[in-house]
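Peer 1: One structure, pasted below without further comment.
The values are calculated or read from the model by the stated rules, or taken from the named source; none is laboratory data. Predicted, not measured: the structure shown is a model, and the values here were computed from it. Cβ: placed from backbone, ideal geometry, glycine included. Neighbour counts: every protein chain shown.
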Amino acid sequence: MVDFVRIVALVLMIVAEGQMQSQCVIINEVLVNASGNCDGNCVPNTAEWIELHNTCNTAVNIGCFVLTDGDFSVTFPSNTIIEPSGYLVIGSDNSVVPVDIDLETCNCTSGADSEIGILTNGNEQLALVNASGQLQDGIYWGSGQFAQTPTFSSDAMFGCFAQTIQLASASSTFEQVPTADDGQTVYRSCADPAVWLADGLNYTPGESNGESSGTSLTIIASPQNPCEGDNVTLTASGTTGNFTWSNGQSGSSILVSQSDTYTVSIESAVGCGSSASISLTFQDAPSVDAGSGGVADCEDGFQLEGSTTGTTYFWEPSIGLNDPTILSPIATPTSTTVYTLHAQNGACESTSSVTIVPECGDLKVPNVFTPNSDGKNDVFKPEGKGVSRYELRIFDRWGTLLFETTQFTTGWNGKVDNEPASEGTYYFLMMAKDAIGNSLVGDDILEGEVTLLR
């Protein structure tokens, strides 16, 4: 008894599973009334065709399913398989499309002319039932022909039972679709599978219904030219739904940090797929070294020694540099300055910095000089560097001005009115400043005395 119960339960589970799988199969696209000489007149070899679609991710066996328009029907042979997300096209040679089941040769039709598909674009319907006679999907256009053909009986074939199919417009399974003109198809919208369209734009037997009824995906990368170490946001736009990325991530926006080609896809319940791809290359940032810092002599400066693998480079700030566009400029800053070397490869930049301290030093002012023309200590003048503003005045002990100059390189040669001055003590006032106005002699004005010896 227990085994019998288990067997019955197992059979019920198998039947239930088959019924659940069969719900995956839908009518997806129909050429309602072909154009040309076979516009419903080429019996028994009509030019119309019908496409079924498996919306699930597992294969479905539609053996013994019946598809009917109320006048004729086709019974699908055993082991008629529709692959996951796959399609099956029923038609004939005159359909001028690749067909999976040829109505002329399948020996699988029931009806007065042994043919399905002599459709009209005025009032018609199609019904798909499973092997148990349950209505799986149904469509009609115009007002259908429900009153004219409320039922249809298929023939027993392929070991399948004969079925009497109820065609009733009151069934909630039947969906009304637009009326199509000759040579046009009716098909489910990719954007919304509950919406049907009718036109000649989407002639896609055996394929998804394409972009004319959906929307195209696009991917935007930010930043668009990433560098090594960047995080890039990839954003898919153009439609809504469940986005699947080639790297396993999901969602409309993802973060990536490696060079690769990234593809995003979205698929609707009717198999309409949209996808887009973008290739990202993360560029290597250049190596860069600003070198060692140091002290810049006020006159000779300090030579920077930068190095880089970058294709372009420059220093900033440029103030105090003889050429900020070369790797080894001379730096003569007037105050402590941090110089930064920028190096670039395309859009990728690296930097390195160095500190330069200016050093002018105090002036050395002698207190004795000997203007005897021996080439040694013949002129009274200070020694030092970095002098930008300078003034020197020499006085005798009575305060008479004997000599003055504003040229740092010019000193007093010990003469007055081009005659040698007497030995003795003389007095001076000296002003010396660097480029930024700092005094190089302590006070703003240095007062001192110097002894002239012969």
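Peer 1: Could you tell me which of the residues VAL74, VAL89 is modelled with pLDDT of 95 or more, in the same structural domain as GLY200 (by TED's automatic domain parsing) and not in a loop (DSSP other than H, G, I, E, B)? Reasoning before the result, please.
Peer 2: Values: VAL74 fails: modelled with pLDDT of 95 or more.
Every option except VAL89 fails the conditions.
Peer 1: Test VAL60 against the stated conditions and say whether it is in the same structural domain as THR164 (by TED's automatic domain parsing), modelled with pLDDT of 85 or more and either among the charged types (D, E, K, R) or in contact with a Phe, Trp or Tyr (Cβ under 9 Å, 6 or more places away or on another chain) (or both).
Peer 2: no
Peer 1: Tell me the residue from LYS385, LYS415, LYS433 that is over 12 Å from LEU363 (Cβ atoms) and surrounded by 11 or more Cβ atoms within 10 Å (Cβ to Cβ), please.
Peer 2: LYS415
Peer 1: Taking PHE4, is it modelled with pLDDT under 85, of a type in the set (Phe, Trp, Tyr) and either surrounded by 17 or more Cβ atoms within 10 Å (Cβ to Cβ) or not assigned by TED's automatic domain parsing to the domain that holds ALA162 (or both)?
Peer 2: Judged against the criteria, PHE4 is a match.
Peer 1: Identify the single condition in (1) in a strand (DSSP E or B); (2) modelled with pLDDT under 90 that VAL354 does not satisfy, given that it satisfies every other one.
Peer 2: Unmet condition: (2).
Peer 1: Among the residues of region 16-33 satisfying the criterion of being in a loop (DSSP other than H, G, I, E, B) and farther than 18 Å from ILE101 by Cα, which is modelled with the lowest pLDDT?
Peer 2: My answer is GLN23.
Peer 1: Where in region 386-435 are there strands (runs of 3 or more DSSP E), lying fully within it, with 1 or more residues that are under 30 Å from VAL357 (Cβ atoms)?
Peer 2: 389-395, 424-433
Peer 1: Determine which single condition ALA194 fails, assuming it passes every other condition in (1) loosely packed, with under 15 Cβ neighbours inside 10 Å; (2) of a type in the set (A, V, I, L, M); (3) closer than 23 Å to VAL66 by Cα; (4) at pLDDT 90 or above.
Peer 2: Answer for ALA194: the failing condition is (4).
Peer 1: Take the conditions in contact with a Phe, Trp or Tyr (Cβ under 8 Å, 6 or more places away or on another chain), modelled with pLDDT under 95, surrounded by 15 or more Cβ atoms within 10 Å (Cβ to Cβ) and over 30 Å from PHE282 (Cβ atoms) and apply them to ILE330. Does it pass?
Peer 2: no
Peer 1: Pull up region 197-232, narrow it to residues that are over 23 Å from PRO84 (Cα atoms) and among the charged types (D, E, K, R), then point me to the one that is modelled with the highest pLDDT.
Peer 2: ASP230
Peer 1: Answer yes or no as to whether GLY122 is exposed (fewer than 15 other Cβ atoms within 10 Å of the Cβ), at pLDDT below 90 and over 19 Å from PHE65 (Cβ atoms).
Peer 2: It is true that GLY122 is exposed (fewer than 15 other Cβ atoms within 10 Å of the Cβ), at pLDDT below 90 and over 19 Å from PHE65 (Cβ atoms).
Peer 1: Here is a follow-up. Need pairs with beta-carbon distance below 9 Å; first residue among the acidic types (Asp, Glu) and within region 335-355, second part of a strand (DSSP E or B); sequence gap 6+ or separate chains.
Peer 2: Partner pairs satisfying both residue conditions: GLU349/CYS227; GLU349/VAL288; GLU349/HIS342; GLU349/ALA343.
Peer 1: Residue check: is THR185 more than 17 Å from ILE118 (Cα to Cα) and hydroxyl-bearing (Ser, Thr, Tyr)?
Peer 2: In short, no.
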